[in-house]
Amino acid sequence: MNLQPKALAFVREPRKLIGAILLLSAVILILYIPVTKNRRLMTIGIMAFMYIALGESWNIGAMTGLFSIAHSAFFGLGVYGITITLTRFQGPVIAGILAGLILNIILAVIIGGISSKLSGLYFTMALIGLSATIYSLSVQWVSLTGGSSGISMPRAYLLPKRTLYFIALGIAVLSMIFYVFLRRSKAGTCFVTTRENPSLAAALGSNVPFWRILSTVLSASMAGLCGSFYAFHLMSNNSEVFSGAYSLKIMMVSIVGGINSVWGPVLGCLLIIMDEYIRGSMPSGLAPLSVVIYALILILMALVKPAGLASFFEKPGDRHAAKN
């Protein structure tokens, strides 16, 4: 008899009912796509899963108030780390993944250190400068990176599309679990405190620079792992992975879906699905227009629903409670 109120909870709260229906539908669709053996659908799924993980990684940095506008730098280092290791040095896969992680940790420490000295516009300018430097190196250091043409991965590492699909799904799920675990941990509480009131946190003895560096390292490491996976999907590297278009997509997935929400990137990846369909159906010369579409959607969301799509499924007090 005690189960009846719980069974009626979804009826009393339509948002939960709609959310449960959408989640169940998504799970069925995700499991059905590999059965169809449709390579285009699986490619779209792979991209969506990858951007979910990238969105969760971006949210980790956002916990401390560091809204990275150059997240593609971490992603690109993951791509280049593994492709260069496998092609130039004939190293094992694990060495390539570790190379990308080490490069990302070094860059994250630098960015975290800059964030303790600079803020606002100056921090943004520093990020743009670092990103531009890395992009320039990827183009100019031809003997190592292959320049603007990049490097092709050995065909021995070509994986079946279904295998890539399930690996991407696993990465997305693990990234969500890690985000929830981190947010509920002591470190997550310190991250949020650092974002909400860094001066008060410092006055109470919290090491604000350390927490910013740690959040940046964790964010960068997750993005680097996504980059390592993307190298197997792309089977090459290319300087475009450092471009602002990738950073914009990552930000869009997180912001439109909902910052500081584990479900935000999941809802935000609908933009990636839409983008893949649009770019696949329009002439290649019009593909850059997708960036304009992203910008317009971002402006619209900022005006209509600043908290993101995830706020549709939350009670008015849920987001406030999550911040505290």
Exercise. Please list, in chain and number order, the residues 5+ apart from residue 236 or on another chain whose amide H is under 5 Å from its amide H, with Hs placed from the backbone.
Key: 153
Quiz item: Residue by residue through the stretch 61-66, which ³J(HN,Hα) values in whole Hz follow from phi under the Karplus form 6.51 cos²θ - 1.76 cosθ + 1.60 (θ = phi - 60°), with glycine and proline marked x?
Solution: x, 5, 4, 9, x, 9
Quiz item: Each label point is 7 Å from the Cα along the Cα-to-Cβ direction; what then is the distance between the points at residue 69 and residue 312, in nm?
Solution: 2.9 nm
Quiz item: For residue 22 and residue 295, FRET efficiency with R0 = 25 Å and r from the beta-carbon atoms, rounded to 0.05?
Solution: 0.40
Quiz item: From a point 7 Å beyond the Cα of residue 121 in the direction of its Cβ, which residues of the stretch 65-85 have a backbone N at a distance under 20 Å?
Solution: 66-70
Practice problem: Subtract the Cα-Cα distance of residue 143 and residue 38 from 0.36 nm times their separation in residues, and report this length gain in nm to one decimal. | Solution: 34.0 nm
Exercise. Mind checking the full-extension length gain between residue 270 and residue 152? Use 0.36 nm per residue of separation minus the Cα-Cα distance, one decimal, nm.
Key: 39.5 nm
Self-check item: Projected-area mean, the chain, by convex hull of Cα positions, square nanometres
Solution: 19.2 nm²
Quiz prompt | Using a Förster distance of 35 Å, the FRET efficiency for residue 200-residue 110 (Cβ separation, nearest 0.05) | solution = 0.85
Practice problem: Compute the FRET efficiency between residue 130 and residue 93 as 1/(1 + (r/R0)^6), taking r as their Cβ-Cβ distance and R0 = 30 Å, and round to the nearest 0.05. | Solution: 0.60
Exercise. Take peptides 69-77, 52-60 and line them up by average Cβ neighbours within 10 Å, highest first, as a rough protection proxy.
Key: 52-60, 69-77
Quiz item: Rounded to the nearest 500, what is the chain's calculated 222 nm mean residue ellipticity when only DSSP H runs of at least 4 contribute -39500 (n - 2.57) each, over all residues?
Solution: -24000 deg cm²/dmol
Practice problem: Can you tell me which of 208-221, 138-151, 105-118 comes out highest on packing, and rank the rest after it, using the mean Cβ neighbours within 10 Å? | Solution: 208-221, 105-118, 138-151
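Bear in mind that the values in this text are calculations on the coordinates, not laboratory data. All values reported here derive from a predicted model rather than from experimental measurement. All Cβ positions, even for glycine, are placed from backbone atoms using ideal geometry, and neighbour counts span all protein chains on display.
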